[in-house]
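Here the structure is laid out as C-alpha cells; the discussion comes afterwards.
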Amino acid sequence: MLAKPTRSPLLIALSLALASAAAATAGCGSSSSPSGGFDTGGSAAVGSGGSPAPGTGGKSASGGATGTGGGQPAGTGGAPQASGGSPGSPGSASGGSPGSGGAAATGTGGSDAGAGGQAVTASGGTGVGGKPGGGTGGAPVGAGGKGGPVTHNELILYDDAGGRLLYVNNANPSANWTNMSGSGRDMQLIGGGKVMLGKSDGWDEYLLSTGAKSGGVHGIAGTQTVHRMADGNTICATAGAGGIVLKMVDATGQVKSMITYAGFNYVRMARPTAAGTFMVAADTVAFEGDATGKVLSQATIPGGRHTWKAMRLANGNFAVTSGYGATLLVYDSTWKLLQTMGGKNQPNAAAIAPEFYADFHLMPNGNFFVVNSQADRTMDNSIQLLEYDPSGALVWQQKQPTGVHSLEEAIVLDGLDTTKLYIEPEGMLIPAP
C-alpha cells in the first residue's frame, strides 16, 4: 500500500470543498461503459468525506487533553493542555454549532475525532458539529453515516464519463493523481504496485504510485470486461449473436481457452468463484455457469438493466448490482430475494441521487462498498461512493472529486498489499494464492 504521510489541519481543510457542475444526460451504452462521452472535467481534487483526522482536538495538540478548545484548526481557541470542560466534552454534544463552539468547521474536540480526541473517527452520522453533510473535521457528506467509525483513506477510481483513472488519498491530497486513460471498463489490482483497466480490445496497466501507463495487452476485439485469475490468465468477456464468450488470455495475448454461454448477447462483469464456476452479469439477468458453458442457475433482476456485477458469497448467497435499478440485491442460493439495498426510495435518496449501481465489493467487516455511477450524467450533486452494512443501512458515503461525473469502478486500497494480485472468489478482495 502507498505511504500515508501524516496529515495536517491544512490538508484536512483542503479536502473539504466540493464544486457542483451543470447537469446533462446521456444513456448507458454498450461497449465502453454506460455510454461514452469524453469529459476532461476536473483533475485530482480530493473526494470529500473520507479519512477524518483522528485525534484532532485531542491529546497531542489542541484544546488540551480534554478535547476542548474551540473550533479553530490546530486547537486554537484554547491553550495547549488547557482544560475547557470535562473529558470528552463537548465531543458528545456534537461540537456545538458548528464544530464545537468555534467558527471553523474543523472544530476540534467534538468533531470527527470523537469525544476528547479519542480514536473514534468519522462517527456520529451526518456531519458532527455542523450542518448535515458539512461541519467538523472530515467529510462534507458526513462520513460515518449512522453507524460506527467507517473511514477510507486511499482509493483508486475509474471515471467513465471523463475516461480517466484517479488516485484519491483523503489523508494526503498532495499525493493525488489523474491519468487520462480513455474509455474502459472493469478494474483490478494485479500486483507489482499496478492496477489493470479493461479496454475495448484487451487491457492496460498503470502504476499506482504515479498513474503512468506501464503495459497492457490488446487485440481481443469486443472486450467488455477483464479479470485476472489466480493462474495468471486473464478473462476477456465478449458478447454477440454467438452468446457470451469468456476468453482465457495469457500474458502474451494468446487465447488459451474459451467458454461460451449461448442465448445471451450482453455482458458486463464476469468473475470466477471459489467453486470453479463463473458469475456473469447479462443485462436483465445474472447467472452462474460452469466451465463447459452450462448455465447452472439464473435470475431475472428486478428493475435490472445493464446489470453490472454478480458474486457468489462465502455463505452461498448471491449479491448483484442491478445497473439502472440502482440497487444491490442479496439472494439465497436458490435465487430467492432476501434483501434490497439502496434504490430510489432509500433514506436521503434526494441527496445521494441513485442512478446506476455499478461495481461493488464485500468489505472485511461484512459491509458492501458500492459505486453509484451517474451513467455519464454531468452533475456534481450526487454521492457516488457508498457503503451499506449487512442490515442495509448506509454507514459511509463520500462525494466523488469535483468534476468526476460518472464513476463505474472503485477499490478501497486501505489495508491491501498492492504488490500482490487480488481476486474476489467470494465477493471480498483477497491476495491470490
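Here are the numbers for this structure:
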{"read-out": "Test set (1) in contact with an Asp or Glu (Cβ under 6 Å, 6 or more places away or on another chain); (2) crowded, with 24+ Cβ neighbours inside 10 Å; (3) closer than 20 Å to Thr418 by Cβ - Asp160 fails condition number", "value": "(3)"}
{"read-out": "Test: residue in the stretch 328-340 that is over 22 Å from Ile423 (Cβ atoms) and in contact with an Asp or Glu (Cβ under 6 Å, 6 or more places away or on another chain)", "value": "yes"}
{"read-out": "Contacts under 8 angstrom Cβ, first residue in the stretch 366-387 being in contact (Cβ under 8 Å) with a residue 12 or more places away in the chain, partner part of a loop (DSSP other than H, G, I, E, B) and of a type in the set (Phe, Trp, Tyr), 6 or more apart", "value": "Ala375/Tyr324"}
{"read-out": "Selection from the stretch 244-295 of residues that are touching a Gly at 6+ places or on another chain (Cβ under 6 Å), surrounded by fewer than 19 Cβ atoms within 10 Å (Cβ to Cβ) and part of a strand (DSSP E or B)", "value": "Thr260, Val295"}
{"read-out": "Residues satisfying the stated conditions in the stretch 296-353, i.e. buried (at least 24 other Cβ atoms within 10 Å of the Cβ), under 19 Å from the mean Cα position of the chain (by Cα) and of a type in the set (Phe, Trp, Tyr)", "value": "Trp308"}
{"read-out": "Members of the stretch 336-389 found to be part of a strand (DSSP E or B), small (Gly, Ala, Ser) and within 26 Å of Ala314 (Cβ to Cβ), listed by number", "value": "Gly342, Ala358"}
{"read-out": "Output for the stretch 187-204, where each listed residue is within 15 Å of His218 (Cα to Cα) and of a type outside the set (Ser, Thr, Tyr)", "value": "Met196, Leu197, Gly198, Lys199, Asp201, Gly202, Trp203, Asp204"}
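The numbers here are math on the coordinates, done by the rules we state, and not lab data. No experiment lies behind these values; they were computed from the predicted model shown. Please note: Cβ atoms are built from the backbone with ideal geometry, for glycine as well, and neighbour counts cover all protein chains shown.
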